Amino acid sequence: MFSELVKAEGHLIDSQIMTEIFDTVIACQASYEVVEFRIGKTNEEVSRLKLKVSADTAERLEQILGDLMLLGCYRVEEKDAILKPAVADRCVPEDFYSTTNQRTEIRHHGRWLSVEDQRMDAVICVTDRTAICRKLRDVRKGDPIVCGKEGIRVIPEFKERDRLGFAFMSNEISSERRVETAVKKIAELMRQVKAGGGKIVFVAGPVVVHTGGAEFLCQLIRAGYVNVLLSGNALAVHDIENALYGTSLGVDLERGLPIYEGHKNHMRAINTINTAGGIGKAVQSAVLKSGIMYECVRNRVPFVLAGSIRDDGPLPETMMDLLAAQDAYTEQLKGASLVICLSSMLHSIGVGNMLPSWVRTVCVDINPAVVTKLSDRGSSHALGVVTDVGLFLNLLSRNLC
């Protein structure tokens with residue numbers, strides 16, 4: 001038998017991570033022996049586990065250790081991470097370590113370095129003093145890249161022990177839950193974040209306008225609960241169409257009926273903004289006098305509009321360079337305390353993949369599949385609400401404004 005001693009620490013029991021550790025070993029047809037276990041007795045005191053893992057082959061043991069690493073286990077015998085140079089721009093060695101969204105440390109020259117800009121699906125590039133997540137497209141020839149599984153420590157997020165707080169509702173997705181209950185929790189969290197000087201990022205799709213939620217989102221912007229808005233061309237176009245003509249996709253939002261030649265209103269809206277020279281200039285010249293984009297400009301809320309292949313126009317501010325739009329999203333998400341995603345599968349999942357696991361995330365969508373997809377990204381701080389986004393914003397605005 002081939003054996004290795006590993007350690008893990010944290011709220012292992014509350015988060016059911018210890019059970020996952022044991023199940024992982026058994027599922028790989030190996031065995032374990034608990035060498036030491038100390039239970040944390042307070043909210044601040046963590047539990048500590050030392051485990052002897054044994055397998056019939058060295059290859060199987062390495063596989064198990066790799067799986068356990070993602071659950072926060074690390075070898076008792078510490079070794080430095082293995083670094084290999086990138087063979088060319090955008091090309092790394094075959095055995096590169098692919099990052100998760102969990103907090104990660106690597107051992108370099110005998111000391112542990114916290115990996116910066118943590119995100120999933122990246123590589124770790126190391127210099128003498130720093131380790132940083134880097135997208136493949138940003139790797140340059142010769143960059144030292146972490147390879148293999150030696151000297152890497154993953155620190156999973158643990159369930160908070162505040163049973164009545166946000167964590168209690170995390171990862172529970174049900175269309176039968178009272179929306180009012182979830183909204184009250186989210187509103188209280190937003191108050192706490194704002195009071196503490198935190199950053200609240202909204203990710204929104206055009207459904208916000210279609211369902212009549214635009215005015216409620218405007219109220220939240222005016223009240224200072226929106227620090228950044230991330231979206232696509234469609235939200236801005238339909239918001240401006242609504243502000244100029246009272247329609248969304250040619251449908252009168254007051255009566256719910258299509259109007260004559262309303263189908264071209266979104267193109268008229270784009271044309272109006274183009275003529276004004278952009279959204280900002282349209283606000284300055286009083287061409288645009290209301291709506292989500294108007295409130296963002298007036299209240300100096302940064303926004304990023306990421307374009308796609310289906311966009312009409314697009315608006316002058318819409319970024320049609322996908323890589324540039326991704327980088328702009330990443331920059332605006334830095335330091336986010338709370339991210340609220342509103343009925344946009346594309347942008348919500350994209351943002352979810354850019355976030356580290358410890359950022360609290362709320363996903364609101366009428367489609368449970370979208371909510372589940374975002375919650376499954378590995379965060380213990382993801383709350384899903386299955387409901388109409390217009391209703392959600394109405395209730396949230398009532399609670400906060």
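The values are calculated or read from the model by the stated rules, or taken from the named source; none is laboratory data. Computed from a predicted structure; not experimentally measured. Here the Cβ is made from the backbone with ideal geometry for all residues, glycine too, and neighbour counts use every protein chain on show.
General remarks:
- Residues satisfying the stated conditions in the range 202-250, i.e. among the hydrophobic types (A, V, I, L, M, F, W, C) and either without any contact (Cβ under 8 Å) to a residue 40 or more places away in the chain or at positive phi (or both): Leu249
- Restricting the range 27-43 to residues that are surrounded by 11 or more Cβ atoms within 10 Å (Cβ to Cβ) and assigned to a loop (DSSP other than H, G, I, E, B), the residue that is farthest from the chain's Cα centre (by Cα): Ala30
- Some residue of the range 265-273 being farther than 25 Å from Val201 by Cβ, touching a residue at least 40 places away in the same chain (Cβ under 8 Å) and surrounded by 15 or more Cβ atoms within 10 Å (Cβ to Cβ): yes
- Flag for Lys7 being in contact (Cβ under 8 Å) with a residue 24 or more places away in the chain, within 32 Å of the chain's Cα centre (by Cα), over 25 Å from Ser357 (Cβ atoms) and in a strand (DSSP E or B): no
- Answer from Arg48, Arg60 - the residue that is surrounded by 12 or more Cβ atoms within 10 Å (Cβ to Cβ) and closer than 16 Å to Ala8 by Cα: Arg48
- All conditions but one from (1) in contact with a helix residue (DSSP H, G or I) (Cβ under 9 Å, 6 or more places away or on another chain); (2) under 17 Å from Val154 (Cα atoms) apply to Val76; the one that does not is (1).
- Ala88 vs. criteria touching a Lys or Arg at 6+ places or on another chain (Cβ under 6 Å) and either surrounded by fewer than 15 Cβ atoms within 10 Å (Cβ to Cβ) or farther than 18 Å from Val154 by Cα (or both): yes
- Residue count for the range 211-239, restricted to those that are hydrophobic (A, V, I, L, M, F, W, C) and part of a helix (DSSP H, G or I): 10.
- Boolean, Gly291 is more than 23 Å from Glu241 (Cα to Cα) and out of contact with any Gly (no Cβ under 8 Å at 6 or more places or on another chain): no
- Selection status of Lys52, farther than 27 Å from Leu355 by Cα, assigned to a loop (DSSP other than H, G, I, E, B) and among the basic types (Lys, Arg): no
- Scanning the range 117-146 for residues that are at pLDDT 95 or above, more than 22 Å from Ser357 (Cα to Cα) and part of a loop (DSSP other than H, G, I, E, B) gives Val139, Arg140, Lys141, Gly142, Asp143.
- Top-ranked residue of the range 136-159 - restricted to ones that are without any contact (Cβ under 8 Å) to a residue 60 or more places away in the chain and out of contact with any strand residue (DSSP E or B) (no Cβ under 8 Å at 6 or more places or on another chain), ranked as surrounded by the most Cβ atoms within 10 Å (Cβ to Cβ): Asp138
- The set of residues in the range 202-232 being more than 20 Å from Leu322 (Cα to Cα) and of a type in the set (A, V, I, L, M, F, W, C) consists of Val207, Val208, Val209, Ala214, Phe216, Leu217, Cys218, Leu220, Ile221, Ala223, Val226.
- Any hit, the range 61-79, residues being within 19 Å of Val126 (Cβ to Cβ) and either polar (S, T, N, Q) or assigned to a loop (DSSP other than H, G, I, E, B) (or both): yes
- Verdict on Ser397 being closer than 16 Å to Val226 by Cβ, surrounded by fewer than 22 Cβ atoms within 10 Å (Cβ to Cβ) and within 12 Å of the chain's Cα centre (by Cα): no
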